[in-house]
Every structure is written in structure tokens, then in C-alpha cells.
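None of the figures in this text is laboratory data; all of them are computed from the coordinates on show. In this text the structure is predicted, and so the values were computed from the model without any measurement. All Cβ positions, glycine included, derive from the backbone under ideal geometry; neighbour counts span all protein chains shown.
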Amino acid sequence: MAITVVGSIAFDSVKTPFGERERMLGGAAVHFALAASFFAEVRVVGPVGDDFGERELEVLRKRGVDISDIEHIERGKTFFWRGEYGWDLNSRETLETQLGVFEGFDPKLSARSRSSDVLFLANIQPQLQRRVREQLPQARFVALDSMNLWIEQQRESLMSAIASVDCLVLNDAELRQLTGRPNIVSAAREVLAWRAPSPELRGPSVVVVKQGEYGAALVTNESFFALPAYPLENVIDPTGAGDTFAGAFVGYIAAHPHEELSDELLRRAMAHATVLASFNVEEFGTERVERLTGEEIVARMQELRAITQFSGDT
Ligand code: AMP
């Protein structure tokens, strides 16, 4: 029932056609943790610098997230990312990435973080993801996200990290880039064939393909499932939507420890992930999810069910 997550804890400066924000709280692990906290206990692992304060920690604390493995590096600077979106919000340009305290970071997990039964390796250097994976060899379910930067710069290291997890969560363009295959179903099936590096690991059996405003697909060796994104008329800032999606997906699986990883469970997890991601994009950064309620999630789940159902044989 508990998830450990390692990934970027960041300040983001973001410009969209609807406004801009300087140095707002962000990072893959932060967006993930806020979403996952609606379903399970979450423990965040990662470093921050002197510029990261009480105000930022309080956002996580308020959602009940365990922050005791967030390490403060003295005289260090928190990870920083600057990005700008095109007019339809489908294209995003990274203008600046400063790894800061993530450079040379050596993750030391407390006994609590090592005891989680679910692990999420959010987007960060693949060798860091691998070092954290090694510290939770017994985890029941392990998922991993990454991005183009690491596919381009550390492909081999990323491939061996992916081979050590149960589930890969990736954008469609990144999945194509990673495998060199233009078709996402065949690209996902290729990843499913990647062998685990050691016999005690299982290797990937689930691939989740995020497709932005077009929704997301789920590919296993036996099955395929897809959902559209929840239709919103006002999207303000997509930053963190992918991590929020992953947070709800993995959180939902963590919340059902006695169910096997069936298609039925994975599909319900996909629906919750779609709903959480839709809230995230309604405002900048973490603003909307910070004040989200369980009732709002339930209501939107019903709406998503209604718009994805049809009847009749012909
Ligand atoms: P998403 O919009 O879900 O793809 O994720 C956006 C988040 O990823 C932002 O909050 C950034 O802080 C974080 N991010 C951007 N670039 C990187 C990177 N190279 N490594 C880790 N996290 C990153």
C-alpha cells in the first residue's frame, strides 16, 4: 500500500499561450506524488538545494506525502527547468535544464522507503533510477518514466533500467525514438521483449503510451486498451500531466495489493490516471491538484465512463 518515488524535485519556469510562471514548484516526482497521494501512501526520494523552502515542502506535507527522504544539500541548487509551449499546447520546447543537486546525487533510502511494495522511477538520470531499483529488489510492482534527453544521451543505461522494471510509461514520440519503430503498438511490443538483467527481476510486462491530448494506450503481450483524454475546453498548462497520469496509474495499482495485475485492474488504473491528468492541466503547475478533492475525482470518473461507453452490436 506504499509507493516510493525517485525523480526530479524542481523549480519550473513555464510559458504557455495563457500566461507564465517563474520558479513554481514542479518536478516529475512532485507531480507524481501529489496524484498518487489520493490512492496510497507516498514516500519521495530526492535532493533539493538551499533555495527549496518550507512553502514547497508544505505542499507535499498537506497531501500526506512522506518527505523524510528529501535530502537537503547545503549550498546546492534545486533542479531547474524552463519550457515554453506552442499555441495549441501540443509542442513544447525545453529552453533550460539545470540538474543542480541531482549531479552526483547518491540516493540513500531509509528503511521505510526501502520497505514500500511499489516503486516508481520518475524521470531522472537512468543510472540514478537503477541505483534506487537495486535498493528495492523485492518490490511487487515497479514502473519507470523517462524522456528524450536521456534517450539521446544515455540510451544504453536507460535500456538496462527499463529491463529491470515491470512497467514502462512513456510519451508516444519518446517510445518511437527509443525503439526506432514508427508504430507505437509494435514499439511497445518490442519493449515487452526486453529481458530482465538478472533472474530475480521480471522484465517489462506492461507499456503505457501517453499521447497528450489524444489520451493514452496500454499494451501488454496479450492485450491492448486505449482511452481518450477527458475533453476540456480550457487547458492552461500541460506541465506535469504525464507525471500526474503516472501518479494516479501507479497509485491505483498500489491501492489494490491483493488483486493480480489483470487487464481489468490496469484499465481502471488508466481511467483514474486520465481523470487526474485532466485536472492537472486546468491550471499552472501543481495549483489545481493541490486543492483537488476525492469527490471531484469520483464525479469526473463518472463523466469519463459516460463518454467512453457505447452499445449495440452493429
Ligand atoms: P511532464 O510535463 O509530465 O513531461 O513533466 C514535466 C516535469 O518534468 C517538470 O516539472 C520538470 O521539472 C521535469 N523535467 C523536465 N526536464 C527534466 C529532466 N531532464 N529530468 C527530470 N525531470 C525533468
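If you average the alpha carbon positions of region 188-208 and of region 265-314, how far apart do those two centres end up, in angstrom?
Taking the Cα centre of region 265-314 as reference, the centre of region 188-208 is 28 Å away.
Rg/Rh for region 2-308 to two decimals, with Rh computed the Kirkwood way over all alpha-carbon pairs.
When Rh is taken as the Kirkwood radius, the ratio is 0.93.
Taking springs between alpha-carbon atoms closer than 10 angstrom, which of Gly27, Gly251, Gly49 fluctuates most in the Gaussian network model of the chain?
Gly49
Filter the GluC sites (Glu not before Pro) in region 136-223 down to the DSSP loop ones having no more than 15 other Cβ atoms within 10 Å, then list what survives. Write out the running numbers ahead of the final one.
Numbers: sites: Glu152, Glu156, Glu174, Glu190, Glu200, Glu213, Glu222; in loops: Glu200, Glu222.
Those satisfying the criteria are Glu200, Glu222.
Would you compute, from DSSP H runs of 4+ residues alone, the mean residue ellipticity of the chain at 222 nm, taking -39500 (n - 2.57) per run and dividing by the full residue count, rounded to the nearest 500?
On the way: 12 runs with 113 residues, N = 314.
The helix contribution divided over the chain gives -10500 deg cm²/dmol.
Report the residues of region 244-260 in range of a label on Arg140: point 7 Å along Cα→C-beta, backbone N strictly under 14 Å from it.
In region 244-260, the label zone of Arg140 (backbone N under 14 Å from the point 7 Å along Cα→Cβ) covers 250-260.
At 0.36 nm per residue, and after removing the present C-alpha to C-alpha distance, how many nm does the segment from Leu99 to Leu201 gain when stretched out fully? Please report the intermediate quantities before stating the final value.
Working: separation 102, 0.36 × 102 = 36.72 nm, distance 2.97 nm.
Working it through step by step, the gained length comes to 33.8 nm.
Of the candidates Thr78, Thr293, Thr179, which one comes out as most mobile in a Gaussian network treatment of the chain with C-alpha springs shorter than 10 Å?
Thr293
Please build a GNM for the chain, connecting alpha carbons under 10 Å apart, and tell me which residue among Arg140, Arg189, Arg55 fluctuates the most.
Comparing Arg140, Arg189, Arg55 in a Gaussian network model of the chain, the most mobile one is Arg55.
So which trypsin sites (Lys or Arg not before Pro) in region 67-121 are both in a DSSP loop and have at most 16 other Cβ atoms within 10 Å of their Cβ? It would help to have the intermediate numbers written out before the result.
Working: sites: Arg75, Lys77, Arg82, Arg92, Lys108, Arg112, Arg114; in loops: Arg75, Lys77, Lys108.
Loop-located and lightly packed - Arg75, Lys108.
Counting other beta carbons within 10 Å of each Cβ, put Lys15, Lys62 in order, fewest first. Intermediate results must be reported in sequence, preceding the final value.
Values: Lys15 16, Lys62 12.
Ascending number of Cβ neighbours within 10 Å: Lys62, Lys15.
Within region 8-76, list the GluC sites (Glu not before Pro) lying in a DSSP loop whose Cβ has at most 10 other Cβ atoms in a 10 Å radius.
When the GluC sites (Glu not before Pro) of region 8-76 are filtered for loop state and at most 10 Cβ neighbours within 10 Å, Glu74 remain.
Please report the base-10 log of the normalised intensity I(q)/I(0) for region 89-177, using a Debye sum with one equal scatterer per alpha carbon and no solvent, at each q in 0.14 (1/Å).
Scattering profile of region 89-177, log10 relative to I(0): -0.53.
Mind checking which lysines have their C-alpha under 30 Å from Lys108, skipping anything on the same chain fewer than 8 residues away?
Excluding near neighbours in sequence, the set is Lys62, Lys77.
Given a Förster distance of 25 angstrom, what is the FRET efficiency for Ser262 paired with Glu290, based on the Cβ-Cβ distance and rounded to 0.05?
Numbers: r = 33 Å, r/R0 = 1.31.
Given R0 = 25 Å and the Cβ-Cβ separation, E is 0.15.
Normalised by the empirical 2.2 N^0.38 Å for globular proteins, what value does the Cα Rg of region 180-314 take? Walk me through the numbers on the way to the answer.
On the way: Rg = 16.0 Å, N = 135, 2.2 N^0.38 = 14.2 Å.
Cα Rg divided by the expected 2.2 N^0.38 Å: 1.13.
For the pair Ser186 and Ala111, how long in nm is the line joining their label points, each one 7 Å along Cα→Cβ?
5.2 nm
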